[in-house]
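Sharing a structure with you now.
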Amino acid sequence: MSIGGSDLDKAISQLRACRPIPENQVRELCYKARELLIEEGNVVGVDAPVTICGDIHGQFHDLMELFRVGGDVPDTNYLFMGDFVDRGFYSLESFLLLLCLKVRHPDRITLIRGNHESRQITTVYGFYDECLRKYGSANVWRYCCEVFDYLALGALVTGAATSLPPTSAPLADNANPDSFPSDDSEIEVETLNAQGEIMYRYARNSDSQSSNPTSNPASSSPIAPTPSRTGAAGTGATSSANGSKSNDTGAVLCVHGGLSPLIDTIDKIRLLDRKQEVPHEGAMCDLLWSDPDEIDGWGLSPRGAGFLFGADIVKCFNHRNDLSLIARAHQLVMEGFKEMFDSTIVTVWSAPNYCYRCGNVAAILELGEDGSNAGFVRRSNGERGGGGGGWILGSNVDGNGNRRLSSVLGEGALGQRARDGPGRRYRVFEAAPQDSRGMPAKKPVADYFL
Ligand SMILES: [Mn+2]
């Protein structure tokens, strides 16, 4: 049999009901998924608008809640930053549903690899046992692991708007509208609850740079605007004729864990041979395992894999690669998301009440579309035309084409934000009601009354 067309839609509705699909369909699905994923580069190019999600960890009913809050595929574009499996009770249904959606709507959903998408880790943390329990053999686990090996290592989101369009969303009960910025200011961050009500709203910092001061009259910035660049954000290209002129927002790099001391440019990620089990060390391992931390430079990770990296590392990397933000997952955040280092990096966590007992809320990050970025041509490998990933021709390059080190290490990179970040809308949500999980409440309600 082949899983295409109506079979695929049938599999999707079966998985949406949290019912596993037959083994032969899983085999076919995994084969199709691999065919798609093999065509993707290590760093997938993604156009805004997109909704960025963190760890799921087999919490199927919370994934359904995520889609309820964020919109369904294909109405909403999604980017999932890995750790689909392990810990929760429904790794199988969660991962297979995401995989079905990927095969059904390849341009609407991007899946990148987390450190749990690995043979070794899934053997210890639940996914292997779950497959064995649900199918009576390890075949399905093996098919899924073969897909893991082909997942991209990162994604580069371009074309995100610098500010959020005004919404007419209602205010949450606990919102304090007096603290909201005035109507004419540029909204940089907005936080909404699961009902779509606004909880917080922040204007762009008045000391941040603006590429187009006339569009931001509220800014009283003493800092000179960054010279206008014309290349596709994230490629570093400046001479491309098809770039955006009105949006100076850098690109957003999405990885599961973080940075690596072996990787100073995004191009170096593109050169890795990713089609393998996650190694115990090296660049690929670091991208999936590392964590940001309040340290200078690099540090040893208590996880035993990857590294800790400080604000200086993030700011240098972002500056060098024309990034305005790194989005990553991998660490439980009680509030669902956490911005660090002057908003140059954010952790997004999408598994509410992690392990059904941590009591945290979850979040997803929406990046809006910058209308001025239309006209880019996507190459077949998903990378942008025009720049080729080169970054040497920027305003920080001297006449000989050398990157001016001072501009990377000087106050331009470390003392302030080098780039305006994208407008960021966080939707925060709680765990799905327990009764939708098909498990009885700890004490049946009747006990209290009879
Ligand atoms: Mn992780």
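Show me, for region 324-340, the HN-Hα J-couplings you get by feeding each phi into the Karplus relation (A = 6.51, B = -1.76, C = 1.60, θ = phi - 60°), rounded to Hz, glycine and proline as x.
So the Karplus estimates, Gly and Pro as x, are 9, 6, 10, 10, 9, 10, 6, 10, 4, 10, 4, 8, x, 8, 8, 8, 10 Hz.
Within region 26-131, what whole-number % of the accessible surface is contributed by carbon and sulfur, with the 1.4 Å probe and all protein chains included in the calculation?
Summing carbon and sulfur atoms, their accessible area is 44 percent of the total for region 26-131.
Further question: Sort the following peptides by mean Cβ neighbour count (other Cβ atoms within 10 Å, averaged over residues), highest first: 134-147, 164-177, 87-100.
Highest-to-lowest ranking by the protection proxy: 87-100, 134-147, 164-177.
Now for a separate question. Residue-wise, which Karplus ³J(HN,Hα) couplings in Hz belong to region 73-89, taking 6.51 cos²θ - 1.76 cosθ + 1.60, θ = phi - 60°, and x for glycine or proline?
3J(HN,Hα) across region 73-89, in whole Hz: 7, x, 5, 10, 7, 10, 10, 9, 9, x, 6, 6, 10, 6, 6, x, 7.
Along Cα→Cβ, 7 Å out, is where each label goes; now give me the distance between the ones at Arg108 and Tyr135 in nm to one decimal.
A separation of 2.6 nm, rounded to one decimal place.
Next question. A 27 angstrom limit on the alpha carbon distance is what I want to check against. Which of Lys32/Lys315; Lys102/Lys275; Lys32/Lys134; Lys102/Lys315; Lys275/Lys315; Lys32/Lys275 exceed it?
Lys32/Lys315; Lys102/Lys315; Lys275/Lys315
Next question. Could you tell me what percent of the accessible area of region 240-360 is made up of carbon and sulfur, with a 1.4 Å probe and every protein chain present?
52 percent
If you don't mind, another one. Roughly how many Å² is the accessible area per residue of region 71-217, as a whole number, for a 1.4 Å probe?
Solvent-accessible surface per residue comes out at 40 Å².
If you don't mind, there's one more thing I want to ask. Which of the peptides 5-16, 352-363 is most tightly packed, and how do the rest follow, judged by the mean count of other Cβ atoms within 10 Å per residue?
Result, highest mean Cβ count within 10 Å first: 352-363, 5-16.
Calculate the spin-label point distance for Glu294 paired with Glu146, positioning each point 7 Å from the Cα along the beta-carbon direction, and give it in nanometres.
About 4.8 nm, to one decimal.
Further, regarding this structure: Taking H placed 1.01 Å from N in the peptide plane, check which residues at least 5 places from Gly421 or on another chain put their amide H under 5 Å from its amide H.
For Gly421, no residues qualify.
Probe 1.4 Å, all protein chains in place: accessible area of Met334 in Å², nearest 10?
90 Å²
Something else: For the modelled label position 7 Å from the Cα of Asp75 along Cα-to-Cβ, which residues of region 354-370 have backbone nitrogen atoms closer than 16 Å?
Under 16 Å, as judged by backbone N against the label point of Asp75, lies no residue of region 354-370.
The values are calculated or read from the model by the stated rules, or taken from the named source; none is laboratory data. What you are looking at is a predicted structure, and each value in this text was computed from that prediction instead of being measured. Virtual Cβ from ideal backbone geometry, glycine too; neighbours counted across all protein chains shown. These accessible areas exclude ligands, DNA and RNA; they are computed on the full protein's heavy atoms, side chains included. Shrake-Rupley method; radii C 1.70, N 1.55, O 1.52, S 1.80 Å.
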